[in-house]
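The values are calculated or read from the model by the stated rules, or taken from the named source; none is laboratory data. What you see is a predicted model, and the numbers here were worked out from it, not measured in a lab. Using ideal geometry, Cβ is built from the backbone for each residue, glycine included, and neighbour counts are taken over all protein chains shown.
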Amino acid sequence: MADQSFAPVVELKQVRLSFGTVKALQGVDFHVSPGEVVGLVGHNGAGKSTLMNILAGNLRFDEGRYLIAGETVRPGAMPSPAGLAVIGSVSQETVLAPNLTVAENARILHRDLVGRGWRQRAARLMQASLDDVFPGHDIDAGDLVGDLPIAKRQMVEIARAFANRAIALMILDEPTSSLDGETSEQLLAYVRRRRNDGLALVLISHRLGEIFSVGDRAVIMRDGLVVLDKPMKSLSRDEMVTAMGHGAPATARASRRLRAPAEAAREACISVPARQPGALDVVVRPGEVVGLAGLAGHGQSQFLRTLVSGRGVANRRDQVAFVAGDRRTDGIFSLWSIRHNLTIRAMDMLETFGFLNPARERRLARDWRDRIEIRAETVDVQIVTLSGGNQQKVLFARALGSDASIILMDDPMRGVDIGTKQEVYRLIQAEADGGRSFVWYSTEIDELAYCDRVYVFRQGMAVREFCGDEINENNIVGASFAS
């Protein structure tokens, strides 16, 4: 818990910031004390990332005051290098250099790694930090970052930030969004240890269970304002979600469609035969939502990519659309507008006499912007102006707005707020009821409750299948770790 005898590490008072006519922050008060974990919660576009970018010195603010380690920062100014040196951060989107090794990436952040033998010192630093945060991580300091799966890249990013023992505040922006349950728990356990050592932490997460697990205090934002600031011990999940502006959460498990035997026997639209002893055939039928589970890095994403290439798709006339979880690498076209990012999968549907019809394209983009509540005044602004969660909504809209009958989803809810998740879940159910098929890899076991069947992957192959009430945490975790 926070030590009340010390002044806050950082404190914002009535901070305001606008981007043109958009009021990103509208008079925000915020502070974090030594030995305190503050859970920062809110829907996509609520102002969380803007607030953290001010703390980290990436944005100047228009009005208010910022106190950092005893230094006062005035509007329009930036914290001094000495002030910024006490803050570390982990971004939801990894900022590692993919063409460098794990050890070489350490030097980008740790400028004291210079001189003869710096690579060896960097390797020792990263190996020690990885061992500390993620025991049994199986990452070598000599690994090329670009060759690592997204989960391990995220682990490297986290370990690199925590390797700096001089920081007084760590900002964690959706740090577990790419991690499976086991590695997420390792990180949360480490957060508890560092809090007890006196480190101040800000945790941004749409996985509300994580906030309740490690948070001392919750700060909830909506539309650029702090609408609730309350100790976790006196806060309920329903109160938190209501404050975010989404009403009472759906606490009941998803209602899965119960299939009649004749429907279950329908011809498969995806059929991938087992190629190793002990593996299962993977079969998907029209109108099914099929989940892929198991520990991260056990072949789920690779399996989806084989389906994208057409292998396993029974009828070549069936069109396939892909929703990437790693949106920066596999999803968005960063130089394009929201409209062009959203409609590129639907070009054939938007032609008139062989030419793209701009009016139909704009109408499709606006329709899906409103339907999935992408927070943008116009669909013609560059997609990178959106928050990460809103960028992910564009990828959903791209797939659902296309003519694809099979939708492949690679852990697509990374960085998406709980209200949007509920809306996307309803969309998936409605589209499946209309005959579309979904193959959904998720690192969140709760999401698998929305699936008709779930295949658990281990060592690159499907090893167990669960359906109905068999889809639960005990079965999935047990199958993930079984020998």
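Ala479 falls short of the stated requirement of being in contact (Cβ under 8 Å) with a residue 60 or more places away in the chain, in a strand (DSSP E or B) and small (Gly, Ala, Ser).
Against the condition surrounded by 15 or more Cβ atoms within 10 Å (Cβ to Cβ), out of contact with any strand residue (DSSP E or B) (no Cβ under 7 Å at 6 or more places or on another chain) and in contact (Cβ under 8 Å) with a residue 24 or more places away in the chain, how does Asn164 come out, does it pass? Criteria not met by Asn164. Selection of segment 348-369 for residues being assigned to a strand (DSSP E or B) and either acidic (Asp, Glu) or on the phi > 0 side of the Ramachandran plot (or both) yields only Glu351. Taken over segment 180-205, the criterion of being crowded, with 24+ Cβ neighbours inside 10 Å and part of a loop (DSSP other than H, G, I, E, B) is satisfied by Ser205 alone. Every condition in (1) more than 30 Å from Asn315 (Cβ to Cβ); (2) surrounded by fewer than 18 Cβ atoms within 10 Å (Cβ to Cβ); (3) assigned by TED's automatic domain parsing to the domain that holds Gln300 is met by Thr420 except one, and the failing one is (2). Does segment 368-391 hold any residues that are loosely packed, with under 14 Cβ neighbours inside 10 Å and of a type in the set (Asp, Glu), and which are they? Residues satisfying the conditions are Asp370, Glu377, Asp380.
Just checking, does segment 35-55 include any residue being among the hydrophobic types (A, V, I, L, M, F, W, C) and over 25 Å from the mean Cα position of the chain (by Cα)? Within segment 35-55 (the criterion being among the hydrophobic types (A, V, I, L, M, F, W, C) and over 25 Å from the mean Cα position of the chain (by Cα)), the answer is no, since none of the residues qualifies.
In a residue-by-residue description of segment 1-18, the property of being of a type in the set (Ser, Thr, Tyr), part of a loop (DSSP other than H, G, I, E, B) and in contact with a strand residue (DSSP E or B) (Cβ under 7 Å, 6 or more places away or on another chain) applies to no position. Restricting segment 3-29 to residues that are under 27 Å from Val214 (Cβ atoms) and over 28 Å from the mean Cα position of the chain (by Cα), the residue that is modelled with the highest pLDDT is Lys13.
Of the residues making up segment 297-339, those that are closer than 19 Å to Thr94 by Cα and either in contact with a Pro (Cβ under 8 Å, 6 or more places away or on another chain) or not aromatic (Phe, Trp, Tyr) (or both) number 14. Taking the criterion of being hydrophobic (A, V, I, L, M, F, W, C) and either within 15 Å of Asn53 (Cα to Cα) or surrounded by 13 or more Cβ atoms within 10 Å (Cβ to Cβ) (or both), the residues of segment 98-127 that qualify are Leu100, Val102, Ala103, Ala106, Ile108, Leu109, Leu113, Trp118, Ala122, Ala123, Leu125, Met126. Given the criteria assigned to a helix (DSSP H, G or I), touching a residue at least 24 places away in the same chain (Cβ under 8 Å) and crowded, with 18+ Cβ neighbours inside 10 Å, does Arg345 qualify? So Arg345 fits the description; yes. For segment 366-402, the tally of residues that are at pLDDT below 90 and of a type in the set (Asp, Glu) stands at 3.
Scanning segment 192-221 for residues that are within 19 Å of His31 (Cβ to Cβ) and under 20 Å from the mean Cα position of the chain (by Cα) yields a total of 11. Do you know which of the residues in segment 50-69 that are part of a loop (DSSP other than H, G, I, E, B) and in contact (Cβ under 8 Å) with a residue 12 or more places away in the chain is farthest from Leu109 (Cα to Cα)? This residue is Asp62.
In the condition set (1) touching a helix residue (DSSP H, G or I) at 6+ places or on another chain (Cβ under 7 Å); (2) closer than 11 Å to Ala397 by Cα, Asp367 is compliant with all but (1).
Residues in segment 138-156 that are among the aliphatic types (A, V, I, L, M) and not in a helix (DSSP H, G or I) were compared, and the one that is farthest from Gly299 (Cα to Cα) is Ala141.
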